[in-house]
Each structure stands twice: as C-alpha cells, then as structure tokens.
Amino acid sequence: MDIVDALDGRHGTTCFVGAGGKKTTMATLAARLEQAVVTATVRIPIFDGWVADVVVTESPRSAIDGATAWPLGVVPAQERPDRYRGYDPETVADLADIASPILVKADGARMREFKAPSDREPQLPATASTVVPIASAHVVGEPLMDDIVHRVDEVATITGRAPGDEIRPRDVAAVLASGRGGLKDVPADATAIPLLNMVDDERLETNARAVAEAIHDRADVPRVVLAEMRDDDPLVAVV
C-alpha cells in the first residue's frame, strides 16, 4: 500500500481538515495521482508551486474539461497576494461526476499543528467520498497553547483538559475521533481516515501509534495513517 491508497485518494472527492499538514498532504497526493484537481472550500495559500497550472474561474468544470496540464488547481478568486478564495461546498459537490480525483482543503488552521473546528467549519461538500482529519505527531507532550493549537478552548472542551496542560495521545485521539472535532459533519456516505503527520522518528511513531489505537477505541474508522509527508516515501504505517 502506498500513501495514495492508504488515504483512498485515487478516485472521488477527498477532503482534508485539521492541522499539521493539509497542504503538504494535498501536494503529495497531487504529485502521485493522474490528472488530479486541487481546490478548496475555504481560503487557501497560493499553491502554484506544486501544481502545473492554477485557473482562477467561477466555472471550474469548464477549466477541468479544457485542461492540458496536470495537476490542475481551480479557485474562484485571488483574495490577496498570498492566498486564494475557495468555492462554496455546493460548487465542489457539483464536480463529483468528473473522472479526475479531487483534492479539497476544507478548513483552516493558521499554520498550527493541531485544532478543533469552529461553528462554521468544516466546509465539506455533500459528495465527499473521503475525509482526512489531520494532526501533527509533534503535538504530543507539548502544552495546550495557541502557539501550536488552533482554537485551544474548543480542544479543551472536547478533551476535558485545561489550557497549558500537556497534550497526551488520548487527547489527540479524542479530537480526531470526535463528532465535534475531526469527524464533524462527515457525510454519511464518506469514509473518514485520520492521519498523523510529521512522524519522523521512532519516538514520534510510538506516540502516533498510541493515538491511532485510541482513535480505534473511540470511532469506527477503517484505519489510521501515520506519515511524514515531506519524505520521498511518506507512508510510515497503517494502523
């Protein structure tokens, strides 16, 4: 099994939520897929460097139908010099019948490594086939503070921990496996596959495996993926 198959990314619409490597994971899959489409339902930093072309258009289907270079990015507008705006989820849902695999950034994390969603997140298209909730393995053992955690109060509510407390494997699992966290609003027909990213040494793999086991205790997911998306061979383990 490679990283694409581990995340069920070869077909359909795969949405990425959470923190700790959404864009890197999307770039990794886009480079390994045939004729991948990259888009977002929320703001997304400029990603021209890891796709062949970005088309700014209110008609993404037309851009995809006419594409000659892959992977292809489609966005509705450039909001600022450093970021694009995303489509509404209904527009992305309408692309579900195209042959290309679609990779969707479906929430924001402000460059943190762990998060819980706000009331307005995630922005998942109803036709999502796979949802990948992400967290960085690096957060285990770190304090629950806003320099590494986006929405500390929401994470504290889900985990029962207090700001400043040490983040334990069970706390990461609680968020990723929660209907108020990583599994929030996942469509009934979609498969959720949690991802622990940045697993780049044995200690982090041990921590990530503990998170994965705790996720399985809490949620009915087919597997938990451990990866280091910056590596040439990013898949570390499937639990």
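The values are calculated or read from the model by the stated rules, or taken from the named source; none is laboratory data. As the structure is a prediction and not an experimental result, all values here were calculated from the model. Every residue, glycine as well, gets a Cβ built from its backbone with ideal geometry; the counts of neighbours run over all protein chains shown. Accessible surface is based on the protein model in full, side chains and every heavy atom, while ligands, DNA and RNA are left aside. Shrake-Rupley method; radii C 1.70, N 1.55, O 1.52, S 1.80 Å.
Filtering the stretch 64-76 to residues that are part of a loop (DSSP other than H, G, I, E, B) and surrounded by 13 or more Cβ atoms within 10 Å (Cβ to Cβ) leaves Ala67, Trp70, Pro71, Pro76.
Of the residues screened, Ala116 is one that is of a type in the set (A, V, I, L, M), in contact (Cβ under 8 Å) with a residue 60 or more places away in the chain and touching an Asp or Glu at 6+ places or on another chain (Cβ under 8 Å). For the stretch 1-56, a tally of residues being open to solvent by less than 20 Å² (accessible area, probe 1.4 Å), assigned to a helix (DSSP H, G or I) and out of contact with any Phe, Trp or Tyr (no Cβ under 7 Å at 6 or more places or on another chain) returns 5. On inspection, Val152 qualifies as over 16 Å from the mean Cα position of the chain (by Cα), open to solvent by 10 Å² or more (accessible area, probe 1.4 Å) and closer than 23 Å to Asp185 by Cα.
Any residue at all in the stretch 178-185 that is closer than 12 Å to Ala135 by Cα and within 17 Å of the chain's Cα centre (by Cα)? Checking the stretch 178-185: at least one residue is closer than 12 Å to Ala135 by Cα and within 17 Å of the chain's Cα centre (by Cα). Of all residues in the stretch 80-135, those that are part of a loop (DSSP other than H, G, I, E, B) and aromatic (Phe, Trp, Tyr) total 1. The set of residues from the stretch 168-208 being buried (at least 23 other Cβ atoms within 10 Å of the Cβ) and among the β-branched types (Val, Ile, Thr) comprises Val172, Val175, Val199. Check whether at least one residue in the stretch 225-232 is within 19 Å of Glu113 (Cβ to Cβ), of a type in the set (A, V, I, L, M, F, W, C), without any contact (Cβ under 8 Å) to a residue 60 or more places away in the chain and in contact with a helix residue (DSSP H, G or I) (Cβ under 8 Å, 6 or more places away or on another chain), and report yes or no. No, every residue in the stretch 225-232 fails to be within 19 Å of Glu113 (Cβ to Cβ), of a type in the set (A, V, I, L, M, F, W, C), without any contact (Cβ under 8 Å) to a residue 60 or more places away in the chain and in contact with a helix residue (DSSP H, G or I) (Cβ under 8 Å, 6 or more places away or on another chain). Would you check if Glu142 is open to solvent by 50 Å² or more (accessible area, probe 1.4 Å), in contact with a Phe, Trp or Tyr (Cβ under 9 Å, 6 or more places away or on another chain) and at pLDDT 95 or above? When the stated conditions are applied, Glu142 passes them.
Taken over the stretch 141-155, the criterion of being part of a helix (DSSP H, G or I) and out of contact with any Asp or Glu (no Cβ under 8 Å at 6 or more places or on another chain) is satisfied by Asp153, Glu154. Can you find even one residue in the stretch 77-99 that is open to solvent by 20 Å² or more (accessible area, probe 1.4 Å), of a type outside the set (Lys, Arg) and within 24 Å of Val172 (Cβ to Cβ)? So far as the stretch 77-99 goes, no, none of its residues is open to solvent by 20 Å² or more (accessible area, probe 1.4 Å), of a type outside the set (Lys, Arg) and within 24 Å of Val172 (Cβ to Cβ).
Taking every residue in the stretch 147-168 that is in contact (Cβ under 8 Å) with a residue 24 or more places away in the chain and pairing it with any residue that is acidic (Asp, Glu) and assigned to a loop (DSSP other than H, G, I, E, B), at least 6 positions away or on another chain, the pairs with Cβ-Cβ distances below 6 Å are Ile148/Glu113; Ile148/Glu142; Ile167/Glu142.
Note on the stretch 116-151: residues that are over 30 Å from Asp201 (Cα atoms) and among the hydrophobic types (A, V, I, L, M, F, W, C) amount to 3. Checked across the stretch 213-229, the condition of being open to solvent by less than 20 Å² (accessible area, probe 1.4 Å) and either modelled with pLDDT under 95 or under 13 Å from Val139 (Cα atoms) (or both) holds for no residue.
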